[in-house]
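Visitor: Take this structure first; my questions come after.
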Amino acid sequence: MASRPVVPQQIRGEAVVGGGKQAKGGAANRRALGDIGNLVTVRGIDAKVNRPITRSFCAQLLANAQAAAKAENNKKQVPVTVDGAAPILDAGVAAANKKVALPKQAQKKAVVVKPKPEVIEISPDSVKEDRGKEEKCGNKKKDGEGASKKNTQTLTSVLTARSKAACGIAKKPKEQILDIDAADVGNELAAAEYVEDIYKFYKEVENENRPHDYMDSQPDINSSMRAILVDWLVDVHNKFELSPETFYLTINIIDRFLAAKLVARGELQLVGIGAMLIASKYEEIWAPEVNDFVCLSDRAYTHKQILVMEKKILGKLEWTFTVPTPYVFLARFIKASKDSDHEMENLVYFLAELGIMHYNTGITYCPSMIAASAVYAARCTLKKTPAWDGTLKLHTGFSEPQIIDCAKLLVGYHGVAGKSKLQVIYRKYSSSERGAVALLQPAKDLLAVNGSSFQ
């Protein structure tokens, strides 16, 4: 077994052969010091003898080192020839000779030849027994030097791997995010290059023009009256065959105006007419005329009253009508649902209209939340798997636990829509033109799910 290398140290009283100095201890002491590995200066030539020293066995090591030095001197000597002079022997022999005469010129031209340090194996029985543990540890380190750290398994890593395997996490494949705009790259109307920035802007500003909870500040109206007004406006919207954008903007205008101004019960329907007139002018190519609204209201309001109310709304809202409504998010989120079809699309719009008709969801939740919840509830109703994937989470910005509460409300509205007094939305989506999605069985399983169980 190889012993530890020992750094040679200069001992006081060292013998300098040929220099005129002599150690106090005599030749025997010089010989002993030379044998244990100290530097011996022989006429300007430093000979370094490498001898290992163990702390706990200095006495025994000294005896072994002396025997090893004698055997080494007999086997191998390093001659140094200096300009025809006699060769100089190894440091151990040179230390034994007190004086070796060399001329001064030869000393200057002397060539130092240093032998490579050799490691002497010292393996007495006592050393083997006491250093067995240290040797065993050293061999383990050498054997494991080439092993990679990644292959080393700790108790924590083993327990983590077992926990993941038990939960099914380790075998869960990575979700693939689909590029929903890849098919619209060549379509200039789709604005595929800017669509992500557009919806990022919508998400940032959707709360700026969002109405606050105003019903407690309105002494003459309540949430049931608002639901009756929305149900009637759905019927007016269908008769005029207006675009969906017009309907959602109309509801936004009504809520913002009611949040900013007190309205009497007799003027609530007039507010709805004025809001739809403004939204039609903003969204439609051919907007309905004022006289059309007079006829639809059964002449409850005159031409002048409608125009006055329109002017009040415009002034109170400061002509701000470029706002993100639930419809802009519905169009995007339905597209993110990769397996959507006409049935899925109609069901999403049915649930969204039920949501904005009820005050609790229409005011409590932001437009993007209502849209995402409608898509999630529709997927659960149609038993689409998975109900919520990475693509929907990316484009909606909501995780499954975030939308579960709003989705439960929408499913609850779907369950009681057929028995409700307000039947316009239910009849609208019970027709074959809309796929009769209102007649589908609501996702009752979703109502029994605890939202905290989702991850």
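Visitor: Using the Cβ atoms and a cut-off under 11 Å, what net charge is assigned to the surroundings of Cys295, where Lys and Arg are +1 and Asp and Glu are -1?
Guide: -1
Visitor: Multiply the residue gap between Thr385 and Asp220 by 0.36 nm, knock off their C-alpha separation, and tell me the result in nm, one decimal place.
Guide: 54.7 nm
Visitor: Still on this model: Nothing charged except the Cβ atoms of Lys and Arg (+1) and of Asp and Glu (-1): what's the magnitude of the dipole of region 310-412 about its Cα centre? Round to the nearest 20 debye.
Guide: Here region 310-412 has a charge dipole of around 160 debye.
Visitor: Please give the net charge around Met344, taking every other residue with its beta carbon less than 14 angstrom from that of Met344, where Lys and Arg add +1 and Asp and Glu add -1.
Guide: Numbers: positive: Lys335, Lys338, Arg379, Lys383, Lys384, Arg434; negative: Asp339, Asp341, Glu343, Glu345.
So the environment of Met344 carries a net charge of +2.
Visitor: Here is a follow-up. Could you order Cys295, Cys380, Cys406 by accessible surface area, starting with the largest, using a probe radius of 1.4 Å?
Guide: Cys295, Cys380, Cys406
Visitor: Compute the signed sum of charges (Lys and Arg +1, Asp and Glu -1) over the other residues within less than 11 Å, Cβ to Cβ, of Gly415.
Guide: +3
Visitor: Heavy atoms only, 1.4 Å probe, whole protein assembly: order Tyr248, Tyr282, Tyr365 by accessible area, highest first.
Guide: Tyr282, Tyr365, Tyr248
Visitor: Give me the 1.4 Å probe accessible area per residue for region 185-279, excluding ligands and nucleic acids, in Å².
Guide: Accessible surface, normalised per residue, equals 49 Å².
Visitor: Let me ask another. Once you've got the Cα coordinates, tell me which of Lys200/Lys335; Lys200/Lys312; Lys200/Lys338; Lys203/Lys311 are over 23 Å apart.
Guide: Distance filter (> 23 Å) returns Lys200/Lys312; Lys203/Lys311.
Visitor: Would you give the gap between the C-alpha center of region 212-254 and the C-alpha center of region 348-394, rounded to a whole Å?
Guide: Centre-to-centre distance over Cα atoms comes out at 19 Å.
Visitor: Still on this structure, I have one more. Once the Cβ-Cβ distance between His342 and Val308 is put in as r, and R0 is 35 Å, what FRET efficiency do you end up with, to the nearest 0.05? Before the final figure, lay out the partial values.
Guide: Values: r = 42 Å, r/R0 = 1.21.
The value I calculate is 0.25.
The values are calculated or read from the model by the stated rules, or taken from the named source; none is laboratory data. Keep in mind that what you see is a predicted model, and the values were worked out from it rather than measured. Every residue, glycine as well, gets a Cβ built from its backbone with ideal geometry; the counts of neighbours run over all protein chains shown. Surface accessibility is based on the protein's heavy atoms, side chains included, excluding ligands, DNA and RNA. Shrake-Rupley method; radii C 1.70, N 1.55, O 1.52, S 1.80 Å.
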